[in-house]
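Please read the structure below before turning to the comments.
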């Protein structure tokens, strides 16, 4: 395969490839907000059909980087640009610096890079930047400003790894003992943070965390380190990246001591085999393909003259355990042990957000061999949603994946379902009833981002005061209430007047009427809290003919993207409903097969979409 061939080549060979250069002049666009984000549609215009982008990761061998490159090549193909995978064969600062220098000398207009450490290649990156090369980080940044960063929240993921180890040890009756840690080196930002998170999970516990040992991400070196830990009587070992994890699992396998708990990071065939054979408990699986795709989109946006603001996007992580054990929420595509019946009940069945969520759920259901029935009401209505829950129970559905209209409205129905043994999983918006897991956007943080985007646009237009309208769904829906709270928080200490919120029940027509009323009161900006609210807001601004009103919204649909591209909305906060659907099904199956998910809440991410 061409991609794997590229992955196997050294940076020196790839840098010598003769690919013609191109201009980084921004594409001509209609008058509208000039900014965009890395999550722009893959149909967005590229800087030029022969735009040259270099992808430089820590090495070209680990499956993590190969998968990242595959995601990058996919986006490159869709956007019509050239992405050259010019990474060293091994983790080496000097070689990575050489790759950066080769990219600059080769006329590459942008570099997507996973830095070995925050400082090791900084001088080379600063020199590249000074020559006009756009920088985008994936996985692990350096201490040099870049257009955007796409990486895992490594500290949080490391803490999760520690918690998984503690749960397994305590379940085995082991409440003390030595824990070994195999890291890459003391400089790589991503793995240093993973270790810090892992160590934080053990605070106040009775275990002794030993001095970290470094194997440079090499599986053989890491195995030797792990074997040394085993001779010292450890009860658990943590591997901080793919090579460290593989080495740890191989050491436990060679020792024959099945009671040592091995936990790791990254996903590869070797790691999955060690997990399924019982030599590792689990691994924290990142989404390197997403990093690669979004990295290319960001590079192209920057080359088109867009300002991405250096924003950091968390690309997510999941815990992967043995595929034969029912697994946790992100158990890959392992088949379920039986054809479980799962109901998917969202707020309505019409908004594109819910349609996309259902598409993700159906995709995962097909892969896992279970039945997911989309049984949502036609409109947002508490009584109809309660009826859907009751119908699911009466129909002997074994799990319900639900986006609750509000935290309390359907709680009684959900409690009754739970009392009958039905497993509950929340997507998008939870209720006040315990569930196996929740997959949703950090709505308050996303709402604050929406507010900040509006403020930036207003201030850029010289508007530092004025009325701001807010169109929400209702006063009860947890997700949109939090969005509003975050949005309002962004305006604290600013000179704007946030008006009393008006509710349109997520209906585009009702929301348009509300927004039109705001416009008659002389607002300078309007925020729509969901898909219908945003569509109504954009349509109202369009109808008013007042192009100076800043409209900011939430969710993504064809209608919303058209309003953005036509200049009637500045931007929208795009969630990942397909991810919610996919992860919701995985969690439901895991719970039905006896896995304890602990009620964990997972942020499925959000991006700012502009023209």
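For (1) outside any helix (DSSP H, G or I); (2) in the same structural domain as residue 92 (by TED's automatic domain parsing); (3) surrounded by 21 or more Cβ atoms within 10 Å (Cβ to Cβ); (4) free of Cβ contacts under 8 Å to residues at least 40 places away in the same chain, each residue gets a yes or a no:
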site: 204; (1), (2), (3), (4): yes, no, no, yes
site: 228; (1), (2), (3), (4): no, no, no, yes
site: 234; (1), (2), (3), (4): yes, no, yes, no
site: 249; (1), (2), (3), (4): no, no, yes, yes
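Within region 161-200, the residues that satisfy the criterion of being surrounded by 21 or more Cβ atoms within 10 Å (Cβ to Cβ) and over 23 Å from residue 91 (Cβ atoms) are 162, 164, 165, 169, 179.
Taken over region 468-498, the criterion of being buried (at least 16 other Cβ atoms within 10 Å of the Cβ) and over 20 Å from residue 409 (Cβ atoms) is satisfied by 468, 469, 470, 471, 486, 487, 488, 490, 491, 496, 498.
Filtering region 170-221 to residues that are under 23 Å from residue 246 (Cβ atoms), modelled with pLDDT of 95 or more and out of contact with any helix residue (DSSP H, G or I) (no Cβ under 9 Å at 6 or more places or on another chain) leaves only 211. When the strands (runs of 3 or more DSSP E) confined to region 387-469 are screened for residues that are over 27 Å from residue 311 (Cβ atoms), those reaching at least 3 such residues are found at 399-402, 423-427. The requirement of being modelled with pLDDT under 95, buried (at least 24 other Cβ atoms within 10 Å of the Cβ) and either over 30 Å from residue 338 (Cα atoms) or touching a strand residue (DSSP E or B) at 6+ places or on another chain (Cβ under 6 Å) (or both) is satisfied by residue 556. Every condition in (1) at pLDDT 95 or above; (2) surrounded by fewer than 18 Cβ atoms within 10 Å (Cβ to Cβ) is met by residue 359 except one, and the failing one is (1).
Residue 445 meets all of the listed conditions (1) within 23 Å of residue 549 (Cα to Cα); (2) touching a helix residue (DSSP H, G or I) at 6+ places or on another chain (Cβ under 9 Å); (3) modelled with pLDDT under 95 but one, namely (1).
Screening 553, 528, 538, 545 for residues that are assigned by TED's automatic domain parsing to the domain that holds residue 488, in contact with a helix residue (DSSP H, G or I) (Cβ under 7 Å, 6 or more places away or on another chain) and free of Cβ contacts under 8 Å to residues at least 40 places away in the same chain leaves exactly one candidate, 538. Flag set for residue 301, criterion: at pLDDT below 95, in the same structural domain as residue 113 (by TED's automatic domain parsing), crowded, with 24+ Cβ neighbours inside 10 Å and within 25 Å of the chain's Cα centre (by Cα). Evaluated against (1) at pLDDT 85 or above; (2) more than 29 Å from residue 73 (Cα to Cα); (3) surrounded by fewer than 21 Cβ atoms within 10 Å (Cβ to Cβ), residue 347 falls short on exactly one condition, (3).
The values are calculated or read from the model by the stated rules, or taken from the named source; none is laboratory data. The structure presented is a predicted model; accordingly, all values stated were derived computationally and were not measured. Glycine also receives a Cβ, built like all others from the backbone with ideal geometry; neighbour counts cover every protein chain displayed.
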